[in-house]
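Quick notes on the structure that follows.
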Number of protein chains: 2
Amino acid sequence: MSEKIFYPEYSKHYPLLVKNCLKKPMMLFPNETAMVYRNDEGQYLRFTWREWLERTCKLAHAMKTLGVKEGDRIATMALNHHWHMENIYASICSGAISHPINMRLSLDHMTYTINHAEDKIIFFDADSLLTLEALYDRIKDKVELFVYMSDKPGLPETSIKPLYNYEELIKDEPSTYDWPDLDEDTHAVLYYTTGTTGLPKGVLYTNRQVYLQCIFFLLRRGAALRMPGDPPPPDDWIPMMNVPLFHIHAWGAPFYYVFEGVKIVFPGKFTAESFCELVHNEKVTQTSLVPTMLAMLVEYEDIGKWDLSSLIQVTIGGGALPLGLKLKAEKLFPTMNATSGYGMTETMAGCVGNILTREMREWPKEKVDQVLVKTGFPYIPGVEARVVDEDGNDVPRDNETIGEIVVRGHWIMEQYYKDPEKTAAVWRDGWLHTGDVAKMDELGYMTIADRITDVIRSGSEMVPTVLLENLTSNAEFVLEAAYVGVPDDKWGETPLALVRKTPDSSPSEEDILTFLQKEGVDTGKITRWMLPVYVAFVKDILKTSVGKYDKIAIRKQLDEFMDVAKRVRKT
Amino acid sequence: MSEKIFYPEYSKHYPLLVKNCLKKPMMLFPNETAMVYRNDEGQYLRFTWREWLERTCKLAHAMKTLGVKEGDRIATMALNHHWHMENIYASICSGAISHPINMRLSLDHMTYTINHAEDKIIFFDADSLLTLEALYDRIKDKVELFVYMSDKPGLPETSIKPLYNYEELIKDEPSTYDWPDLDEDTHAVLYYTTGTTGLPKGVLYTNRQVYLQCIFFLLRRGAALRMPGDPPPPDDWIPMMNVPLFHIHAWGAPFYYVFEGVKIVFPGKFTAESFCELVHNEKVTQTSLVPTMLAMLVEYEDIGKWDLSSLIQVTIGGGALPLGLKLKAEKLFPTMNATSGYGMTETMAGCVGNILTREMREWPKEKVDQVLVKTGFPYIPGVEARVVDEDGNDVPRDNETIGEIVVRGHWIMEQYYKDPEKTAAVWRDGWLHTGDVAKMDELGYMTIADRITDVIRSGSEMVPTVLLENLTSNAEFVLEAAYVGVPDDKWGETPLALVRKTPDSSPSEEDILTFLQKEGVDTGKITRWMLPVYVAFVKDILKTSVGKYDKIAIRKQLDEFMDVAKRVRKT
């Protein structure tokens, strides 16, 4: 543990530490409800801030007893609940590193991240037991011990060892802990990328970075532009945490919710029904969802029996939000204001957001929607984002020229864990190079076009596949669409559209082209050469663990798709 | 100027710099009104953000031409207006230090601060010309040059030299400036204490400290508790900057208002009429006032002819707010929510604020008012405050035991400029010792009792003079009251109350004692031994330059006051 920090350090460098998030609830709201967890049997567990903080302190003592030292990686393999939150705080605030294992990775990749992180302990819950058992043999020599988190006494029948019961472990420990005054550059969290283009990479952030992300997130919310018709803010925000904590700590949620001392609602496994029940019972006001969760709600038949009127803010992230789904979801939640944004593991949370300007309040709703469906404006306080050409110069604001997104700021990753070469490869000229490409419109709004590696190169031009995918999915008869390049002697590549039709429709391949001509080319959103040359109707489109189209896997099966594809235009 | 900062600095230490405040208005609101200044002839000057930023860049170039280098002190002697704002940003963002000369100091002390700061340039306006001339001979050998800020062409007739006209100086300079990527520990501002107990002390803050104060201030506003009956937030905040910039940069206002890109209204010289006219014309929503300004508004007869309904937030600081004045002012501004807090030059802005807990929403208004009139709760995100005894232990929460306030946090002064001894004297054990004493109630709310040096020591006890002063001024027939100690053979000191009566009342000295017995002793707010032994009715009570009672000056005239004082009780 670090020594106490005194003057002059405490005067000019009063440290930016995650432990500071604990102060407000501890001082102002100790007896108010901190967390509500609904387990899979539908039982509710409730904790006040005092109770939750005492459990967190007990856990920190227990970890110390187990030999955890500053810098050790403490992993979790778990859904969202109070145990997970206790673990995050006990780890970071005592100087260890919290590593939430991404449960959406393949078993191979999950095993790789655990061994690469050299996790000392894995905390897991009942939902993760089978997964852990499936990879246990490949990690058992590296991980020192395992802790089972459950509201049921005892341990599950398993060969995993040494295995402790969480509640047994903490029950006799002291309920206060003197959190050390760490250096603000002490590492706090370790996340792994999804590894769509190779092995997952470990992304390290410091206490300073995590804490500043939390502060700036809250600042941004407080300074959000009020649009006409916006519902007034509620007396108290009551968030439900749906985005998994194992997914970049739900984009920083454990930090800013605790900082504010608001009641946090945990749904256990996400189902449309448990979501609605919790909104209804706990008067949830805000939540973040990935598009697939939103789609589940849109398709849920019994939604009418729940009172969801308290829910006035839904943020969508983790993937592009097609305009079609957005419009359907807005009908469901009349006060909802779905927005999009851009972020990646290397940016912890959003670094481009859907910011509106004051003058847009005068605009008709349709025109504002056209702005909101773009990826966003490259201004979020605390981070900078640009779209640059190969020489590092800003691309023109013509809504057409494509360049790479580069970022820097308070919460852009410090380094790839144990990989200085890859770190140096992305951190160039003072900017982190994201590998994502985008274009800028005349107002300065950015639209993500693609991963650089996924780009379709037709002639000397890059085809903006994400734009085409969103546009195509706006057709009434389209459920979703993905674009990949097909080798072509003349153009290098030409675009192939993989399209899932809606259940009760039967468009032809040419209908797709006609739709794109009318809604895309004629409206100036795309140019003619971007139109698909081939269209293939498919039953499913392969996706990565985070719900993005898996272009690598699709390309591997290209021959199969071309067998059912129809050529819809000449080139 | 510093070199550009690259990886790894830009990854883990992306710098916390004041220049970042310029980004939002520059990117999102370039064509919206940035600042409105009403000059003393009642003319309005308006600037968009683009215009104001271009002027700021031109000024930075002009300063460079004049030889300003990183670390140079650039002083202002001016009211609040766009020139002053341009100067603050051009100085800090180019690496120089902004020193707003406190115009409320005595001429001797002002002279001292200019010579102590070794200011390279003084920027002054028409309102400050006479003051500058009065001390010119004593600073002319140290200050290199002077710049006159005015909307009138030419220069005033004066012996001050070399003297430049601001508008002439900037007019041919380039309108963009490549602000350097400074180290975040680069000094940004230099403020001087009011020197009530000796010479003024220079208080230095770094870019990191100023920027973090700005961020945390905005976060705090966004996360403020909504009370029943609170007006809904306006679509846009429109602040009027009344607290002088020469007073600790109006508690940080230039930073957080620019960061948000809101329209800032400058009243020139404060009068009740110009204040009301500007609120009426510009639809001002919020302002900060010192108690004397609030008192001027309460006494303004023509206030009924103005529409002040847009003004929904008034913050009072810079001195204790007597409950009497608070209640009168709340009648005037029905939606006003006057609060108090605690801060000093060494803490830049507030470090204790009137935070309410959620459960207080259920309390009756009178009970909430009793909380709001206390100094505040020692939790403001970003700073910590405690009340400690001589051994550094927290005083008990008995609302009685008095201890010293100690603070630390992101914007607690870095050092006393050129005075390591005094710096070390206040920065002890990791805490800055404020020299102010306070007590804590059972809920953890703090009430300032006194300066340690102003305390009345009666027997072995300390008499809480600020509490007595506030309590006394609650009497209908009292305008204001100050307490000092009178030497006493038996008790060491006994309390003397100096009282100003309201114009149309004629209480006796005993009425004061009766009131305090009933409202103070009988209600348990004070104990009997704290009651004044002597009461003296006076025409005026001496105050310092920032409106606090000048206990040193009062003590020097103690004999005169004792001549008119009446002994009201035995001891």
Scope region B:369-390; condition touching a residue at least 24 places away in the same chain (Cβ under 8 Å), acidic (Asp, Glu) and outside any strand (DSSP E or B); matching residues:
B:369
Lone qualifier among A:499, A:478, A:463, A:484 - being without any contact (Cβ under 8 Å) to a residue 40 or more places away in the chain and crowded, with 20+ Cβ neighbours inside 10 Å
A:499
Assuming residue B:140 fulfils every condition listed in (1) modelled with pLDDT of 95 or more; (2) within 14 Å of chain A (Cβ to nearest Cβ) apart from one, which condition is it?
(2)
Pick from region A:172-201, criterion touching a strand residue (DSSP E or B) at 6+ places or on another chain (Cβ under 7 Å) and β-branched (Val, Ile, Thr), ranking: nearest to the other protein chains (Cβ to nearest Cβ):
A:186
On the given criteria, is residue B:51 modelled with pLDDT under 95, out of contact with any helix residue (DSSP H, G or I) (no Cβ under 8 Å at 6 or more places or on another chain) and more than 8 Å from every other protein chain (Cβ to nearest Cβ)?
no
Limited to region B:64-105, what total is found for residues that are surrounded by fewer than 24 Cβ atoms within 10 Å (Cβ to Cβ) and among the hydroxyl-bearing types (Ser, Thr, Tyr)?
1
Go through region B:492-517 and report how many residues are under 16 Å from residue B:481 (Cβ atoms) and either touching a His at 6+ places or on another chain (Cβ under 7 Å) or charged (D, E, K, R) (or both).
5
Residues of region B:69-114 being over 15 Å from residue B:56 (Cα atoms) and acidic (Asp, Glu), which ones?
B:70, B:72, B:108
I'd like the full set of residues that are out of contact with any Lys or Arg (no Cβ under 9 Å at 6 or more places or on another chain) and farther than 19 Å from residue A:510 by Cβ, limited to region A:470-495.
A:470, A:487, A:488, A:489, A:490
When only residues in region A:164-196 that are of a type in the set (S, T, N, Q) and within 18 Å of the chain's Cα centre (by Cα) count, which is nearest to residue A:455 (Cα to Cα)?
A:196
Mind checking whether some residue in region B:55-76 is over 16 Å from residue B:177 (Cα atoms), among the hydrophobic types (A, V, I, L, M, F, W, C) and assigned by TED's automatic domain parsing to the domain that holds residue B:165?
yes
Among the residues of region B:391-416, the number that are within 13 Å of another protein chain (Cβ to nearest Cβ), within 16 Å of residue B:347 (Cα to Cα) and touching a residue at least 40 places away in the same chain (Cβ under 8 Å) is 9
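Each row is one residue, and each column tells you yes or no for (1) in contact with a Gly (Cβ under 6 Å, 6 or more places away or on another chain); (2) within 20 Å of residue A:76 (Cβ to Cβ).
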| position | (1), (2) |
| --- | --- |
| A:151 | no, yes |
| A:155 | no, yes |
| A:160 | no, yes |
| A:166 | no, yes |
| A:173 | no, yes |
| A:198 | no, no |
| A:205 | no, yes |
| A:213 | yes, yes |
Being away from chain B (no Cβ under 11 Å) and either of a type in the set (D, E, K, R) or farther than 19 Å from residue A:411 by Cβ (or both) is the filter here; which residues of region A:426-438 pass it?
A:436, A:437, A:438
Matching residues, region B:153-173, being assigned to a loop (DSSP other than H, G, I, E, B) and free of Cβ contacts under 8 Å to residues at least 24 places away in the same chain:
B:153, B:154, B:155, B:157, B:161, B:162, B:172
Just to verify a result, which residue in region A:5-60, among those that are part of a helix (DSSP H, G or I) and of a type in the set (Phe, Trp, Tyr), is surrounded by the fewest Cβ atoms within 10 Å (Cβ to Cβ)?
A:10
Please pick out the residue among B:287, B:292, B:271 that is among the hydroxyl-bearing types (Ser, Thr, Tyr), within 21 Å of the chain's Cα centre (by Cα), more than 16 Å from residue B:328 (Cα to Cα) and surrounded by fewer than 16 Cβ atoms within 10 Å (Cβ to Cβ).
B:271
Restricting to region B:381-395, name every residue that is of a type outside the set (Gly, Ala, Ser) and more than 14 Å from residue B:447 (Cβ to Cβ).
B:381, B:383, B:384, B:386, B:388, B:389, B:390, B:391, B:393, B:394
Give the residue that is farthest from the other protein chains (Cβ to nearest Cβ), with candidates limited to residues of region A:202-241 that are assigned to a strand (DSSP E or B) and closer than 26 Å to residue B:208 by Cβ.
A:203
Looking only at region A:82-105, decide whether some residue is at pLDDT 95 or above, in contact with a Lys or Arg (Cβ under 8 Å, 6 or more places away or on another chain) and under 25 Å from residue A:272 (Cα atoms).
yes
Sort out which residues of region B:261-309 are in contact with a Pro (Cβ under 8 Å, 6 or more places away or on another chain) and in a helix (DSSP H, G or I), and write them in order of number.
B:274, B:275, B:278, B:291
Taking residue A:189 as the residue in question, decide whether it is within 15 Å of residue A:37 (Cβ to Cβ) and assigned to a strand (DSSP E or B).
no
Applying the selection to region A:439-454, what residues are out of contact with any Pro (no Cβ under 8 Å at 6 or more places or on another chain) and away from every other protein chain (no Cβ under 13 Å)?
A:441, A:442, A:448, A:451, A:452, A:453, A:454
Scanning region B:521-532 for residues that are within 25 Å of residue B:564 (Cα to Cα) and surrounded by 18 or more Cβ atoms within 10 Å (Cβ to Cβ), the one modelled with the lowest pLDDT turns out to be B:530
Does residue A:21 satisfy the criteria of being within 14 Å of chain B (Cβ to nearest Cβ) and under 28 Å from the mean Cα position of the chain (by Cα)?
yes
Being farther than 18 Å from residue B:155 by Cα and without any contact (Cβ under 8 Å) to a residue 12 or more places away in the chain is the filter here, so list the residues in region B:127-139 that pass it.
B:137
Within region A:163-200, which residues are within 30 Å of residue A:548 (Cβ to Cβ), at pLDDT 95 or above and surrounded by fewer than 24 Cβ atoms within 10 Å (Cβ to Cβ)?
A:190
Here is a list: A:390, A:414, A:359. Which entry is acidic (Asp, Glu) and within 30 Å of residue A:73 (Cβ to Cβ)?
A:414
Identify all residues within region A:242-253 that are farther than 22 Å from residue B:217 by Cα and either facing chain B (nearest Cβ under 9 Å) or not in a loop (DSSP other than H, G, I, E, B) (or both); write none if there are none.
A:248, A:249, A:250, A:251
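The values are calculated or read from the model by the stated rules, or taken from the named source; none is laboratory data. Predicted model only: the values in this text are computed from it and were never measured. So basically every Cβ, Gly included, is an ideal-geometry build from the backbone, and we count neighbours across all protein chains shown.
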